[in-house]
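Shown next, in structure tokens, is the structure this report addresses.
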Amino acid sequence: MKGGPRMADQVLGFIGLGQMGRPMAMRLLEAGHKVVVHDRVAAVVAELVAKGATAADSPREVADRADLVFASLPTPAILRTVALGPDGVIEGQRARTFVDLSTTGPRVAVEVAAGFVEAGRAAFDCPVSGGKSGATAGTLALMVSGPRGDYDALEPVLKVFGKPFFCGEKAGSAQVMKLCNNMLAATALVASSEAIAMGVKAGLDPAMMCEIINASSGRNSATQDKFPRAVIPRTFDFGFTTALSMKDVGLCVSEAEGMGVPMVVGSAVLQMLGVTAATYGKESDFTSVAKVVESWAGVEIKKP
């Protein structure tokens with residue numbers, strides 16, 4: 001980004017218009033940026049084009065037409081192909097900076113960063129937290145690692161999405177931070193499911209339980225948000241699939257094992273998500289883990 005066009009004059013690329021990518025790309029458009037988009041789903045590309053974006057047929061074409069390219073993708077393998085593969089961002093002639101907004105783990109972040117450094121460009125891993133609602137509202141937490149000298153120029157556009165936190169220059173540092181966060185979020189969901197199922201079986205109102213927990217030492221993201229929004233109303237539609245949660249927790253457990261860090265609780269959480277996927281499908285909402293606990297306990301977590 002050094003020596004490139006001023007941020008206000010830059011064309012921004014966005015690859016991956018899923019549950020997170022679509023609202024993030026929309027925020028860039030609403031902020032007045034010129035945006036080039038690419039996704040395999042033609043309908044969502046057409047929607048963004050109707051809002052003022054320009055469509056590209058490949059990641060390479062995005063990088064041929066944009067100065068800075070964002071990606072929001074579901075798996076490490078897809079991210080690697082989009083960034084470094086044939087017809088990938090690395091083959092584009094214009095883009096000087098690549099920012100991975102996905103949760104893909106530190107190994108692929110290191111690989112991508114090395115590829116871009118070799119090409120004389122900058123790459124950042126920048127996983128985000130806050131869900132679809134945060135992406136829509138621009139209130140995400142963005143964990144960022146990459147070259148400090150290029151980060152200062154990148155930060156203003158990241159603030160369109162929410163609050164950025166610079167985790168260091170070492171590639172993959174932000175991905176480690178995100179894996180730790182997502183493991184804790186999934187753990188809170190599983191543990192809260194067990195605790196609230198116990199209370200309901202004893203005759204307690206789950207909404208009252210959440211209110212008390214949230215005013216007490218047990219408060220967590222599940223009792224503050226996921227249970228009131230998606231479990232107690234029986235909608236199970238928080239907006240994050242069991243498959244994605246399994247991917248994130250699995251990456252965390254795997255990385256921890258490689259570092260020699262015990263992940264006993266994380267491994268148990270991964271098993272619970274596996275049971276949820278086997279029972280309700282990988283595309284089920286990850287709050288469906290509460291239904292697994294309910295079925296074992298013989299209760300339903302709902303208002304009396």
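What follows draws every value from the coordinates through simple rules; no lab data is involved. These figures come from a predicted structure and were not determined experimentally. Heads up, the Cβs are rebuilt from the backbone with ideal geometry, glycines too, and the neighbour counts pull from every protein chain shown.
What the table below lists for this structure:
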| quantity | calculated |
| --- | --- |
| Rough spin-label spacing in nm, given labels placed 7 Å along Cα→Cβ, for residue 229 and residue 30 | 1.5 |
| Between region 161-203 and region 25-104, the alpha-carbon center distance in angstrom | 27 |
| Contact order relative to length of the chain, as percent, for alpha carbon pairs under 8 angstrom and 6 or more apart | 14 |
| Likely footprinting exposure, 112, 264, fewest C-beta neighbours within 10 Å first | 264, 112 |
| Share of Cα-Cα pairs in the chain lying beyond 29 Å, as whole percent | 38 |
| Within region 72-93, backbone nitrogen closer than 13 Å to the virtual label 7 Å beyond the Cα of residue 55 toward Cβ | none |
| Net charge, residue 48 excluded, C-beta distance under 13 Å - Lys, Arg +1, Asp, Glu -1 | +1 |
| Relative contact order computed over region 222-304 (Cα-Cα under 8 Å; 6+ residues apart), in percent | 40 |
| Estimated FRET transfer efficiency (residue 91, residue 47; beta-carbon r; R0 25 Å; 0.05) | 0.40 |
| FRET efficiency for residue 257 and residue 40, using Cβ-Cβ distance with R0 set to 35 Å, rounded to 0.05 | 0.60 |
| Column: log10 I(q)/I(0), Debye, Cα scatterers of region 32-101, q = 0.12 Å⁻¹ | -0.28 |
| Hull-based mean projected area of region 176-297, where the convex hull spans the alpha carbons, in square nanometres | 7.3 |
| Per-pair calculated FRET efficiency, R0 = 51 Å: residue 271 and residue 152 via Cβ, rounded to 0.05 | 0.75 |
